[in-house]
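Scroll down for the structure; my scribbles are underneath it.
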Amino acid sequence: MALSLDSFLLNGIPYGVLQGAVIPEFLEKTANNLLIPLTNVEQHAPEASASSQSKVREVLAALRAKCQQMMDLVAGLSAFRTLLLQQLRVTIAQIPVLRGECVQLIQELEACFRTPKPFYPSRPSHSTATMDHFLANLERAFEEERAAPTVGAR
């Protein structure tokens, strides 16, 4: 689930939003790839201990809602060239916050399922650095792409 979330952002934004005209429907496909592991985890919810069943259902519902919110937020950026610059900045600023909320929910699920090797703590440092760099430079990437001539004009 965690890998799919980061993959959605690392691939969906550059190729599905910024280069969306070049690769049609890429964003939709990456969004679907985010939902597949979430559905798999939902199917395994009955395997959680009886004492954590209600917590698992609650966290899964919140995670699904946050993932949907992330997908909608990123999809809304497809019109980034027509958005007011301030609106674009506000929307982009929501992405790391929302990702952080998803990460927290994923970690709660890992605790509920007693995952022996939680994803984020065991993730290689270069992967974490790549994600951090991507998020830190997201606004600049959009501004640079906005300033560049459109595909048809190149």
Seminar exercise, completed: Expressed in angstrom and rounded, the centroid-to-centroid distance over alpha carbons for the stretch 1-34 and the stretch 100-129 is 21
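Do you know the relative contact order of the chain, to the nearest whole percent, from alpha carbon pairs under 8 angstrom that are 6+ apart? Kindly include the intermediate steps, with their values, before the conclusion.
On the way: 102 pairs, mean separation 42.5, N = 154.
Contact order relative to length: 28 percent.
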For this session: Rounded to the nearest 500, what is the 222 nm mean residue ellipticity of the chain from helices alone, with -39500 (n - 2.57) per DSSP H run of 4+ residues and division by all residues?
Result: -22500 deg cm²/dmol
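If you roll a 1.4 Å probe over the chain with all protein chains in place, what percent of the accessible area is carbon or sulfur? Present the calculation step by step, with values, prior to reporting the outcome.
Details: 4830 of 8480 Å².
That fraction is 57 percent.
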Exercise. (1) 19.6; (2) 18.3; (3) 16.6: which one is Kirkwood radius over Cα pairs in Å as calculated from this entry?
Worked result: (3)
Exercise. Taking springs between alpha-carbon atoms closer than 10 angstrom, which of V103, V41, V90 fluctuates most in the Gaussian network model of the chain?
Worked result: V90
Exercise. Could you list log10 I(q)/I(0) for the stretch 58-144 at q = 0.12, 0.24 Å⁻¹, which the Debye formula gives when each Cα is one point scatterer?
Worked result: -0.45, -1.20
Problem set entry | Length-normalised contact order of the stretch 63-154 in % [C-alpha pairs under 8 Å, at least 6 apart] | 38
For this session: Quote the accessible area belonging to R89 in square angstrom, nearest 10, computed with a 1.4 Å probe and with ligands, DNA and RNA left uncounted.
Result: 80
Exercise. Got a number for the accessible area of E139? Probe 1.4 Å, square angstrom, nearest 10.
Worked result: 70
Exercise. Across the Cα atoms of the stretch 52-96, what radius of gyration and what greatest pairwise Cα-Cα distance (Dmax) are found, in Å?
Worked result: 14.4, 46
For this session: Give the cross-link partners of K55 among the aspartates and glutamates, using a straight C-alpha distance below 14 Å as the criterion and excluding same-chain residues fewer than 8 apart.
Result: E42, E47, E108, E110
Problem set entry | Highest-MSF residue in the chain out of P37, P96, P124 [GNM, Cα springs under 10 Å] | P124
Problem set entry | Most mobile listed residue (Q69, Q87, Q104) in the chain, GNM with C-alpha springs under 10 Å | Q87
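The values are calculated or read from the model by the stated rules, or taken from the named source; none is laboratory data. Predicted model only: the values in this text are computed from it and were never measured. In case anyone asks, the SASA skips ligands and DNA or RNA and just uses the protein heavy atoms, side chains included. Shrake-Rupley method; radii C 1.70, N 1.55, O 1.52, S 1.80 Å.
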